[in-house]
Every structure is written in C-alpha cells, then in structure tokens.
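The values are calculated or read from the model by the stated rules, or taken from the named source; none is laboratory data. As the structure is a prediction and not an experimental result, all values here were calculated from the model. Every residue, glycine as well, gets a Cβ built from its backbone with ideal geometry; the counts of neighbours run over all protein chains shown. In case anyone asks, the SASA skips ligands and DNA or RNA and just uses the protein heavy atoms, side chains included. Shrake-Rupley method; radii C 1.70, N 1.55, O 1.52, S 1.80 Å.
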Amino acid sequence: MKNMRMTITSLGPAAAFVLSLLLCFNAHAQAKGKISVAGETVVNTDHIDLGMISSITADKDRTGRLSSISLGYSPGIGNTRELLRSQILLAIKAAGFAEGDFSLETPTKVVIRRASQTIPTQLIRDAVEKAVRGQFSDPKVSVDILGIDVPADIAVPLGAIDIKAAIKGVRSLYEKFPVPVEVRVDGKLIRTFAVSAEAAVYCEVLVAAADLAANKKLTPADVRMEKVRLEKPLTSYLRDPAVLRGVQMTRPLESGKPLSADSYTAAVVIKLGDPVRVEAQSGRMKIIVSGEACANGRIGDRISVKNKQTNYMMQAIVVDEGHVKLLF
C-alpha cells in the first residue's frame with residue numbers, strides 16, 4: 001500500500017486522479033459481486049442451484065450464499081427447462097440480495113438439460129433371465145430363454161444402476177409372458193416397465209411307451225421316462241412310476257405323450273369274492289392267512305374280508321391286487 005501511494009503521488013494530478021478512480025471502481029466491483037450465467041447448462045441433480053449454471057465472483061461468504069440459491073427442479077430426462085433472466089433475478093432478490101449488491105450477466109433465456117445415461121440392454125436381459133430361472137428350483141428342470149424383448153435406449157439419470165425383475169401375476173410361463181422391471185439409480189426408483197419374455201422348460205416325466213387305450217390298467221411296461229418340453233406347471237405331470245400302481249387310463253393316450261393326473265384313475269384291484277392274502281404284523285412277527293374279499297376295493301380302500309379257515313370277518317386295507325393288511 002505504501003508503494004501504491006508512492007506510485008500515485010509520483011504521477012501528475014490528473015493521472016493520479018484517474019488511477020484512484022480505477023482502483024476504487026475495481027474494489028467496488030469485487031465487493032459488489034459478479035454473476036455470469038451460461039446460456040445452456042447440463043445438470044446432474046433433481047434440483048437446480050444458481051451455482052450450477054453460473055460463474056460467481058465475490059467474497060467467500062457471498063459466493064456460498066449466491067451459489068446455494070434455489071432455482072427449482074431439474075427437467076426430466078430428454079426434456080429441457082427454460083429460465084428467464086427475470087426469474088433468476090427474482091430468486092436472487094428473494095434470497096436477500098439487493099440489486100446493487102451484484103451484477104448479473106445472463107442471456108434473456110437460459111436452457112437447462114438433465115444429464116443422463118442409457119441402460120445397457122444386457123443388464124435388463126440378465127435381470128429378467130434371473131427372475132425366470134428363479135421360478136424353477138428343481139435341479140432336474142432345465143430352462144432355455146428363447147427371447148426377451150427389451151426396449152432400446154432407455155435413458156435414466158447418472159448414477160449406479162440397479163435393475164430388478166419379478167414374475168408377478170403371470171398366468172403361464174410356458175408361452176410368451178410379461179415381466180415387470182424396476183430401474184433404480186443410486187437406490188431411487190426411476191422407471192418401471194414390462195418386457196416380453198419366452199422360455200422353454202424341460203424335465204424328465206412319464207410318457208406313454210405305446211398307444212394306451214381308455215380303461216387300460218397300467219403296468220410299468222406301459223410307461224417310460226423322457227425329457228419333454230413342459231406346456232403347463234410341473235405339478236401337472238407324473239414323475240414317479242410308483243403312483244401308477246393300481247390305476248387305469250381314463251382316456252386314450254398316444255405313444256410319447258406325457259401322462260398327467262387327469263389321464264388315469266384308481267382301478268378296482270380286488271373284486272367281491274376274490275381270494276386275497278391277508279397280512280397281519282405286530283413288531284417283528286408277521287402272520288399271513290388266506291381270505292375272501294367281501295367287497296370291491298381300490299388300493300387304499302378299507303374293505304371287509306373273511307378268514308377262510310375260521311369264517312371270521314375282518315376289516316383290512318387294500319394294498320395291491322389280491323393283497324390286504326389287517327387294521328389294528
């Protein structure tokens with residue numbers, strides 16, 4: 001400052017006066033503050049502050065206060081928002097600044113866009129495939145994803161993308177079906193939509209080893225295990241040959257076609273008057289006697305049988321053709 005005074009005093013009176021005015025003006029401009037707003041800005045937040053769209057020259061306190069002045073919400077992805085000079089000026093005044101406290105350099109109209117990123121379609125495919133495969137926990141079931149129709153160029157705000165797909169309310173997974181998808185960015189739900197998916201589900205089930213006629217009693221030779229593409233839920237198919245013991249067909253079935261729960265019914269394996277083997281067991285002791293059926297019976301039915309030696313009537317459970325067990 002001492003050197004400055006020496007410099008000013010060493011000049012002529014007119015020059016010294018002009019230099020003093022310039023120094024005073026510069027000091028006043030710095031104290032006043034300067035706000036320069038860009039004509040177009042891209043922002044990456046949901047909310048717009050003055051500091052995001054402008055360059056501010058002022059002391060530290062004023063710079064901080066001016067930078068944090070709110071200008072409202074950002075536009076949606078793919079849209080723009082226009083701010084008029086009058087709107088910016090009004091927001092600054094509302095924050096407690098007088099018009100003489102700052103100089104504002106801005107176009108009449110400012111355009112603001114939202115920064116975005118495009119979701120890689122593979123991320124969506126992976127999420128949908130995971131959801132589909134998650135519906136089949138049986139290790140013997142295999143799933144081939146035939147197609148996933150993913151919309152292209154889905155734009156979302158910048159940030160960490162998390163995609164989740166869930167199979168909700170789908171009537172059948174064995175034809176094309178919709179899969180709801182949720183997109184979150186930094187943990188915030190941004191978009192929901194549905195994609196169309198198609199899968200082929202395979203599993204080994206029981207099929208007819210030859211053409212089977214209606215009312216035919218089934219034997220192990222009538223069926224075989226074969227891997228087929230499922231057309232309905234897995235519970236509709238038969239996978240254990242043991243369930244076919246003592247049953248007969250309710251309708252014809254072509255060779256190679258899967259058996260289902262509605263294709264057979266329990267058959268009468270013991271008829272009235274049939275000789276039967278009556279088995280009774282207590283601990284390790286087993287007694288077998290000859291008897292006579294006093295009623296028709298299917299496997300699992302409770303029927304009356306007569307001991308041929310004593311004519312004693314007993315209640316027994318049908319366990320197979322010509323075989324019953326006593327009830328105790």
Next item on the list: Could you work out how far apart the two model spin labels at Ser255 and Ala295 are, taking each label as a point 7 Å from the Cα in the direction of the beta carbon, and quote it in nm?
Entry: 4.2
Check: Tell me, what HN-Hα J-couplings in whole Hz come from the Karplus equation 6.51 cos²θ - 1.76 cosθ + 1.60 at θ = phi - 60° for each residue of region 309-326, using x for Gly and Pro?
Finding: 7, 10, 6, 6, 8, 9, 9, 9, 9, 6, 10, 5, 4, x, 9, 10, 10, 6
Margin query: Just to confirm the filter: which GluC sites (Glu not before Pro) across region 109-194 are DSSP coil and have at most 12 other Cβ within 10 angstrom of their Cβ?
Written below: Glu175
Note to self: Using each residue's phi in region 203-219, evaluate 6.51 cos²θ - 1.76 cosθ + 1.60 at θ = phi - 60° and report the 3J(HN,Hα) Karplus result to the nearest Hz, with x for Gly and Pro.
What the structure shows: 7, 7, 9, 7, 10, 5, 7, 7, 4, 10, 8, 4, 6, 6, 6, 7, 10
Check: Residue separation times 0.36 nm, minus the C-alpha to C-alpha distance between Lys308 and Ser68: what's the value?
Finding: 76.1 nm
Checklist line | More than 23 Å apart - percent of Cα-Cα pairs taken over region 210-328 | finding: 43
Checklist line | Kirkwood Rh, Cα atoms: Rg over Rh of region 74-176 | finding: 1.31
Item checked: Mean separation of Cα contacts under 8 Å, 6 or more apart, over the residue count of region 215-327: relative contact order % -> 20
Item checked: Amide H contacts under 5 Å for Lys216, placed H, 5+ residues apart -> Met249
Next item on the list: List the pair-distance distribution P(r) of the chain, using every Cα-Cα distance, as the percent of pairs falling in each 10 Å bin from 0 up to the bin containing the longest distance, rounded to whole percents.
Entry: 5, 15, 12, 12, 10, 9, 8, 7, 7, 6, 4, 3, 2, 1, 0
Next item on the list: Give me the net charge of Ile270's neighbourhood, meaning all other residues with Cβ under 11 Å from the Cβ of Ile270; Lys, Arg count +1, Asp, Glu -1.
Entry: -2
Note to self: Through the Karplus equation 6.51 cos²θ - 1.76 cosθ + 1.60, θ set to phi - 60°, convert the phi angles of region 244-257 into ³J(HN,Hα) values in whole Hz; use x for Gly and Pro.
What the structure shows: 8, 5, x, 10, 9, 5, 9, 7, x, 9, 6, 4, x, 7
Note to self: Counting only helical runs of four or more DSSP H residues, what would the 222 nm mean residue ellipticity of the chain come to if each run contributes -39,500 (n - 2.57) and the total is spread over all its residues?
What the structure shows: -6000 deg cm²/dmol
Notebook entry, point to check: In whole percent, what relative contact order does the chain give with Cα contacts below 8 Å and a gap of six or more residues?
Noted result: 9
Margin query: Amide H of Leu71 versus every other amide H placed in the peptide plane: which residues, excluding those fewer than 5 positions away on the same chain, fall under 5 Å?
Written below: Ile48, Asp49, Leu50
Notebook entry, point to check: Over region 111-234, what is the mean sequence separation of C-alpha contacts under 8 Å (at least six apart), divided by residue count, expressed as relative contact order in percent?
Noted result: 24
Next item on the list: Please work out the Kirkwood hydrodynamic radius for region 62-131, using every pair of different C-alpha atoms, and report it in angstroms with one decimal place.
Entry: 15.3
Next item on the list: Give the carbon-plus-sulfur fraction of the accessible surface of the chain in %, rounded to a whole number; probe 1.4 Å, heavy atoms of protein chains only.
Entry: 52
Item checked: Residues of region 105-140 with amide N under 12 Å of the 7 Å Cα→Cβ point at Glu231 -> none
Note to self: Counting heavy atoms of the protein chains only and a 1.4 Å probe, report the per residue accessible area for region 114-183 as a whole number of Å².
What the structure shows: 57
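Between Thr118 and Ala242, take the C-beta separation as r, use R0 = 51 Å, and let me know the FRET efficiency to the nearest 0.05.
Numbers: r = 55 Å, r/R0 = 1.08.
With R0 = 51 Å, the Cβ-Cβ based efficiency is 0.40.
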Notebook entry, point to check: Under a 5 Å amide H to amide H cut-off, with H placed in plane at 1.01 Å, what residues pair with Tyr264 once short-range neighbours are removed?
Noted result: Thr250
Margin query: Multiplying the sequence separation of Lys176 and Thr108 by 0.36 nm and subtracting their Cα-Cα distance, what value in nm do you get?
Written below: 19.1 nm
Notebook entry, point to check: What length, rounded to one decimal in nm, is gained on full extension from Ile288 through to Leu327, with 0.36 nm per residue of separation minus their alpha-carbon distance?
Noted result: 12.7 nm
